[in-house]
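Shown next, in structure tokens, is the structure this report addresses.
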Amino acid sequence: MARSDLLVNLVKSSAGGDNLAFRRTVEAIIAEERAKQHNVIADRLERALQSVNGSGALGLSRPNQDVAMRARDFVSEVRPRRSLNDLVLPDVTLLATRQLIEEQQRASVLRSHSLEPRHSALLVGPPGNGKTSLAEAIAEGLALPFFIVRYESMIGSFLGETAGRLKRVFDYARTTPCVLFFDEFDAVGKERGDTHETGEIKRVVTSLLMQIDDLPSYVVVVAATNHAELLDRAVWRRFELRLLLPAPNEVQLSTFIERLSERAALTLGVRAQQIAKALGPVSYGEAEQFFLDLARRQVLALGERSAADIAKEQLRIWAERARGSVTREGQDSAGTSAS
């Protein structure tokens, strides 16, 4: 049985003639019933909406089965494995994320006061610092499917093709409570005033904005970008939360390494603080790569070498890698100056 707040909203929107609110409420009821595996009642409600749609009184956002199957070509469903406790986040970012999760979990309380939970977040920061992991942790915290948009199959070369596929992605997301994740969001949310861009990208952005506006609150849309300056100004306004994920400092890196060690029950061999200091200014992603290298060497050593010796050896390798990166950056800078 649908929650009482949804039924009250259904009556209010119908009595007030608010077709959009009515449709969204019915969609929320359908999604809730499907989540409970009540597919019979969900199908009946869906057919009822389709019959209303046929009379021209109300639009139906849920696609038919064929459209849903085609939309699956443009999204990948990933099982969320990371939780918020696995991540090291800035205090404000962690607080805002916990609020988002709480509002979704207690949406019925908000709706009883004619409020909707926030359901959109834009994550901004350099590569490798937890944007995808945070989106995954939100899905894990809400126990929802985690859908990642696949640009390689969605972006087409023909006029209107990308916008059409994007619409199918959003139509599919509306069929169930989920977290819909757009990585490298600047690929589809570019500034429309850029004179170097074609008219096609402008159509895509316009379609994107309309689809985000029309999303029901049980779909949490999360977008991530390394290049916030490239995003259209109107895109920024569509996201209720805008969260920063900067590169970690030495203390944060040390905490992250300790958590990796605890989760994997792996002895580091040296203190996490020493590792963080030796690695230098790296991202969380690079620190995790180092940890995995350490784990591989310990497994292959079969207990014949100490964890401390293995850690020191891997740190020497990473120090050489860091020197190589600095040399490459210097060569690139010299080449740029010469040109």
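The values are calculated or read from the model by the stated rules, or taken from the named source; none is laboratory data. From a predicted model like this one, the values you see are computed outputs, not experimental measurements. Reconstructed Cβ throughout: ideal geometry from the backbone, glycine too, with neighbour counts over all protein chains shown. These area figures cover heavy atoms from the full protein model, side chains too; ligands, DNA and RNA do not enter into them. Shrake-Rupley method; radii C 1.70, N 1.55, O 1.52, S 1.80 Å.
Overview of values
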{"read-out": "Residue, least open to solvent (accessible area, probe 1.4 Å), within segment 244-254, restricted to residues that are under 18 Å from the mean Cα position of the chain (by Cα) and closer than 12 Å to Val88 by Cβ", "value": "Leu245"}
{"read-out": "Number of the condition not met by Trp236 [criteria: (1) more than 19 Å from the chain's Cα centre (by Cα); (2) open to solvent by 20 Å² or more (accessible area, probe 1.4 Å)]", "value": "(1)"}
{"read-out": "Residue within segment 207-221 that is open to solvent by less than 10 Å² (accessible area, probe 1.4 Å) and farther than 30 Å from Ala42 by Cβ present", "value": "no"}
{"read-out": "Residue in segment 61-72 that is open to solvent by 70 Å² or more (accessible area, probe 1.4 Å), over 30 Å from Arg237 (Cα atoms) and either part of a loop (DSSP other than H, G, I, E, B) or at pLDDT 95 or above (or both) present", "value": "yes"}
{"read-out": "Per-region count, segment 216-241, residues at pLDDT 90 or above and within 29 Å of Val26 (Cα to Cα)", "value": "11"}
{"read-out": "Which listed residue is within 26 Å of Leu180 (Cα to Cα) and not acidic (Asp, Glu), from Leu241, Leu279", "value": "Leu241"}
{"read-out": "Residue check, Leu159 out of contact with any His (no Cβ under 9 Å at 6 or more places or on another chain), at pLDDT below 85 and either of a type in the set (Val, Ile, Thr) or open to solvent by 50 Å² or more (accessible area, probe 1.4 Å) (or both)", "value": "yes"}
{"read-out": "Unmet requirement for Ser108, which otherwise passes all of (1) in a helix (DSSP H, G or I); (2) open to solvent by 50 Å² or more (accessible area, probe 1.4 Å); (3) among the hydroxyl-bearing types (Ser, Thr, Tyr)", "value": "(2)"}
{"read-out": "Selection count where residues are within 30 Å of Arg165 (Cα to Cα), part of a helix (DSSP H, G or I) and open to solvent by 50 Å² or more (accessible area, probe 1.4 Å), scope segment 73-104", "value": "1"}
{"read-out": "Failed criterion for His113 (all others in (1) without any contact (Cβ under 8 Å) to a residue 60 or more places away in the chain; (2) assigned to a helix (DSSP H, G or I) hold)", "value": "(2)"}
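This table checks each residue for (1) farther than 30 Å from Gly189 by Cα; (2) open to solvent by 60 Å² or more (accessible area, probe 1.4 Å); (3) among the polar types (S, T, N, Q).
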site: Asp232; (1), (2), (3): no, no, no
site: Arg242; (1), (2), (3): no, yes, no
site: Phe256; (1), (2), (3): yes, no, no
site: Val282; (1), (2), (3): no, no, no
site: Phe291; (1), (2), (3): yes, no, no
site: Arg297; (1), (2), (3): yes, yes, no
